[in-house]
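The values are calculated or read from the model by the stated rules, or taken from the named source; none is laboratory data. From a predicted model like this one, the values you see are computed outputs, not experimental measurements. Counting neighbours? That spans all protein chains shown, and the Cβs are built from the backbone with ideal geometry, glycine included.
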Amino acid sequence: MTDAVLTTDELAVTYTGNREVEALKGVSLEFPENQLTAIIGPSGCGKSTLLKSLNRLHEIQPNVDIAGNVVLGDQSIYNTDEPTPELRKRIGYVPQTPTALPLSIYENVAYGLKIHGEYDSKAELDDQVEHYLRKVNLWDEVEDRLETPGAELSTGQIQRLCLARSLAVEPEVLLCDEVTSALDPISAEQVEATLEELKAEYTIVMVTHSMDQAKRLADTVVFLYLGELVETNDTQSFFENPQHERTQEFVKGHTAVEYADTESESDANAGEPVAPNR
Ligand SMILES: Nc1ncnc2c1ncn2[C@@H]1O[C@H](COP(=O)(O)OP(=O)(O)OP(=O)(O)O)[C@@H](O)[C@H]1O
């Protein structure tokens with residue numbers, strides 16, 4: 001059994017705006033080191049809420065109550081004096097919609113390294129930028145145009161650039177929020193191939209709407225339903241021998257029908273047709 005790098009303990013998140021929503025209800029989980037954990041479940045079950053609460057992204061919006069705890073290594077990320085930027089360096093976040101900083105390709109990757117001062121010379125910075133662009137399989141496509149704006153790359157290339165930018169500060173955990181859903185199939189395949197390589201070296205937590213993607217990429221699957229943790233298991237056991245009735249229905253595709261009936265912005269962005277057995 002691999003050690004857990006990140007754990008949640010009875011994590012509960014409630015949105016307290018006009019309408020109170022208990023988005024997560026006492027979720028306790030362990031995210032194993034150097035494994036990819038996929039969070040799946042029907043629309044509105046709390047996947048993004050869980051991911052965002054893992055690096056305090058909720059602090060940027062009002063009306064959110066958080067109870068319970070999230071622990072990185074042996075340190076609570078909520079009961080801490082550690083400044084949020086330092087924390088976010090340790091737990092990187094790659095969003096669904098890839099956005100390049102308004103800087104060159106080179107500077108997009110160098111950005112975090114410069115902020116955190118993690119290089120001694122320009123030559124070392126050059127090496128680091130190349131290293132991380134290679135890690136995300138982007139170097140061969142951009143080595144002759146490093147000074148052009150990152151925004152001029154294709155969406156799939158920008159997503160890999162975002163991954164390189166996140167990795168450059170050497171996070172202990174990388175959070176990926178539906179990182180292939182805004183991409184065309186070929187770009188999605190390239191990002192998946194990159195994640196497949198990265199997961200041996202990094203602890204990755206990924207939200208996905210695609211059961212097939214979870215089957216292909218994940219070591220561990222977490223299944224949420226209406227804000228509750230229903231089941232978590234290694235990927236093969238999860239799909240071949242689901243323990244809970246709700247999981248069995250979801251895996252067979254019954255819950256996917258409910259999911260198809262639910263409208264949400266992220267469904268519209270999902271980029272994949274809704275079908276049973278996703
Ligand atoms: N900022 C917010 N204010 C109020 N309610 C919210 C907010 N964000 C999410 N919710 C609600 O919290 C619940 C969980 O939402 P969340 O986005 O975490 O689900 P999800 O599983 O990621 O959904 P999807 O698959 O559609 O992206 C939903 O009922 C949603 O409507």
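Remarks
- Candidate set from region 67-100 (those that are under 19 Å from the mean Cα position of the chain (by Cα) and among the small types (G, A, S)); member that is farthest from the ligand (Cβ to nearest atom): G73
- Residue within region 102-110 that is within 25 Å of T180 (Cβ to Cβ), in contact with a Gly (Cβ under 9 Å, 6 or more places away or on another chain) and surrounded by fewer than 14 Cβ atoms within 10 Å (Cβ to Cβ) present: yes
- Residue ID - farthest from Q35 (Cα to Cα), chosen from residues in region 193-217 that are within 16 Å of the ligand (Cβ to nearest atom) and of a type in the set (G, A, S): S210
- In region 103-159, the residues that are among the small types (G, A, S) and either at pLDDT 95 or above or not in a helix (DSSP H, G or I) (or both): S104, A110, G117, S121, G150, A151, S154
- Taking region 43-64 as the range and being closer than 12 Å to L11 by Cβ and of a type in the set (G, A, S) as the test, the residues that pass are G46, S53.
- Unmet requirement for V230, which otherwise passes all of (1) among the hydrophobic types (A, V, I, L, M, F, W, C); (2) touching a His at 6+ places or on another chain (Cβ under 9 Å); (3) more than 16 Å from the ligand (Cβ to nearest atom): (3)
- Region 64-86, residues that are within 18 Å of E33 (Cβ to Cβ) and among the acidic types (D, E): D74
- Evaluation of P149 against the conditions (1) free of Cβ contacts under 8 Å to residues at least 60 places away in the same chain; (2) crowded, with 19+ Cβ neighbours inside 10 Å shows that the sole unmet condition is (2).
- Total residues in region 67-101 satisfying the condition of being among the hydrophobic types (A, V, I, L, M, F, W, C) and over 15 Å from G112 (Cα atoms): the figure is 5.
- Which numbered condition A214 fails, given (1) surrounded by 19 or more Cβ atoms within 10 Å (Cβ to Cβ); (2) farther than 22 Å from L6 by Cβ; (3) among the aliphatic types (A, V, I, L, M): (2)
So that you can scan it fast, the table gives a plain yes or no per residue for (1) closer than 17 Å to T155 by Cβ; (2) among the polar types (S, T, N, Q); (3) surrounded by fewer than 21 Cβ atoms within 10 Å (Cβ to Cβ):
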site: E178; (1), (2), (3): yes, no, no
site: S181; (1), (2), (3): yes, yes, yes
site: I186; (1), (2), (3): yes, no, yes
site: E192; (1), (2), (3): yes, no, yes
site: Y202; (1), (2), (3): no, no, no
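- Qualifying residue in region 101-116 (condition: within 18 Å of F31 (Cα to Cα), more than 16 Å from the ligand (Cβ to nearest atom) and either of a type in the set (K, R) or out of contact with any Ser or Thr (no Cβ under 6 Å at 6 or more places or on another chain) (or both)): no
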